[in-house]
Amino acid sequence: MQKKILWGLAWALFSIPAFSAFAQTILTANEAVDAALKNSPAVKASGLVVRQNEQLVRSARNIPNPDITLDSPTGNFYTLGVQQSFRFPTVYTQQAKLQRQQVVLAQKEKTVTENDLKFSVRTAYLAIQFTEIYLRQLQSQDSVYAQISQAAKRNFEAGTIDKLALIFAETQSADLRNQVAVASQELTIRKSQLALLMSKGQETGFAVLPLTGLPRPDLQPEAISQNPLIETAKQQEIINRKVLDVEKANALPGFMVGYYNQGTQETNLGLRWRAGVSIPLWAGQYKSRIAAAQTGQEVARQRTEAQTNALSVDLQASQGDAVKFKNSLNFYETVALQQANDIITTARRFFESGQTDYINFLRTTNDAYGIRLRYLETLRNYHQSILTINYLTGTL
């Protein structure tokens, strides 16, 4: 009986059952991202903000409404008059340039929203991949421990083992069943989260691709300049420069033309026109607005630098994590996993020959399973660090 159990143990340890995807649609990470980008209310809102700013471009050259009057210049009759004022042409030019840069800013903010969503979707997808492979590992261990528990119960009833060995075997089996239940629930939760990100409600009837391959990280520090947040901050600098140009243009004179008849009805038509210039006499208010715009420009520059520094710190930490986890994976794949296999083989031989009991056998194999599970966690952490690097460099 013990040999049959141990052969089952060896099979479970050295082979992970393939995930059954029958009656399920295989969803790739790129397909999940595309669905999320297509259905996301946040992305749609960002697109509407872009359209809104594009619609405001024409209004940047806004001209004041004309003044239409009805006057009685001599007290004997009424005459119509009209007056139209204009800003200096440079004002309209600078306002249009500013609004076009607002459109660019809205586009870059949309890119920030998309980058955040891509990171969330790919992180959720990775969580499902990890949870599935983690669950399969636990299920294989649970299958073996259930057989061990049943065998221990029969041996206890036969009087060949003591109560402590029976309790220990049953406890280990029960603990594995609980871990499998927790991991199964975790998988359902992760799939629901991904479905919500794709705006597909609580749909969980899909399968994901297995977690395979080791993507290589981008370890170039200057790659941070491609981050959408940095590009948005730089665009804000451009906008503040355009605001300064607008404020300087506002200090230029304005113009006015109009038609009035302030004489008799017989007054010559040419004498009914008027023209004027708006003189920026109160220079103090213009200087203060120009100074404020210059300060705003410096604020934007400092914020760009602060954003760059913060993201550079995050990138450096993620790159360090990638190297750390890659080295750890190399250790597991070249040393630890083989040692875990050796532990299982040796424990089986000792158990078959009667040199070890149930308690020592379960403790030993549990340690071997622990090595395999820690390997999977390290594999997940490595993939997560690569995702974070790609997010920070804007290459998701």
Inset, instruction - Name every residue in the range 75-91 that is of a type in the set (A, V, I, L, M, F, W, C) and not in a loop (DSSP other than H, G, I, E, B), in order of residue number. - result: Leu80, Val82, Phe86, Val91
Inset, instruction - Test Phe350 against the stated conditions and say whether it is part of a helix (DSSP H, G or I), at pLDDT below 90, surrounded by 14 or more Cβ atoms within 10 Å (Cβ to Cβ) and among the aromatic types (Phe, Trp, Tyr). - result: yes
Legend entry - Inter-residue pairs, beta-carbon under 7 Å, first β-branched (Val, Ile, Thr) and in the range 103-127, second outside any helix (DSSP H, G or I), 6+ apart: Val103/Val57
Inset, instruction - Considering only residues that are out of contact with any strand residue (DSSP E or B) (no Cβ under 7 Å at 6 or more places or on another chain) and β-branched (Val, Ile, Thr), look in the range 29-70 and name the one that is surrounded by the fewest Cβ atoms within 10 Å (Cβ to Cβ). - result: Val57
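Condition check ((1) touching a Lys or Arg at 6+ places or on another chain (Cβ under 8 Å); (2) at pLDDT 90 or above; (3) in a helix (DSSP H, G or I); (4) farther than 30 Å from Gln84 by Cα) across all residues:
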| position | (1), (2), (3), (4) |
| --- | --- |
| Gln236 | yes, yes, yes, yes |
| Val257 | yes, yes, no, no |
| Asn261 | yes, no, no, no |
| Thr267 | no, no, no, no |
| Gly296 | no, yes, yes, yes |
| Gln302 | no, yes, yes, yes |
| Ala310 | no, yes, yes, yes |
Inset, instruction - Test Ala106 against the stated conditions and say whether it is surrounded by 15 or more Cβ atoms within 10 Å (Cβ to Cβ) and modelled with pLDDT of 95 or more. - result: yes
Legend entry - Set Thr264, Thr204, Thr232, Thr212: member being surrounded by 14 or more Cβ atoms within 10 Å (Cβ to Cβ), out of contact with any strand residue (DSSP E or B) (no Cβ under 7 Å at 6 or more places or on another chain) and more than 30 Å from Ala306 (Cα to Cα): Thr204
Legend entry - All positions within the range 104-122 that are among the β-branched types (Val, Ile, Thr) and in contact with a Ser or Thr (Cβ under 9 Å, 6 or more places away or on another chain): Thr111, Val112, Thr113
Inset, instruction - Within the range 116-141, work out how many residues are within 12 Å of the chain's Cα centre (by Cα) and farther than 23 Å from Leu214 by Cβ. - result: 2
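Condition check ((1) aromatic (Phe, Trp, Tyr); (2) over 19 Å from Glu31 (Cβ atoms); (3) surrounded by fewer than 19 Cβ atoms within 10 Å (Cβ to Cβ)) across all residues:
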site	(1), (2), (3)
Ser140	no, yes, no
Val144	no, yes, no
Ile148	no, yes, no
Asp162	no, yes, yes
Glu170	no, yes, yes
Asn178	no, yes, yes
Val182	no, yes, yes
Thr188	no, yes, yes
Leu196	no, no, yes
Inset, instruction - For the range 218-229, indicate whether the set of residues that are closer than 21 Å to Gln83 by Cβ, polar (S, T, N, Q) and exposed (fewer than 14 other Cβ atoms within 10 Å of the Cβ) is non-empty. - result: no
Legend entry - Whichever residue in the range 267-287 is surrounded by 11 or more Cβ atoms within 10 Å (Cβ to Cβ) and more than 25 Å from Asn65 (Cα to Cα) and, among such residues, is nearest to the chain's Cα centre (by Cα): Lys287
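The values are calculated or read from the model by the stated rules, or taken from the named source; none is laboratory data. Keep in mind it's a predicted model, so treat the numbers as computed, not measured. All Cβ positions, glycine included, derive from the backbone under ideal geometry; neighbour counts span all protein chains shown.
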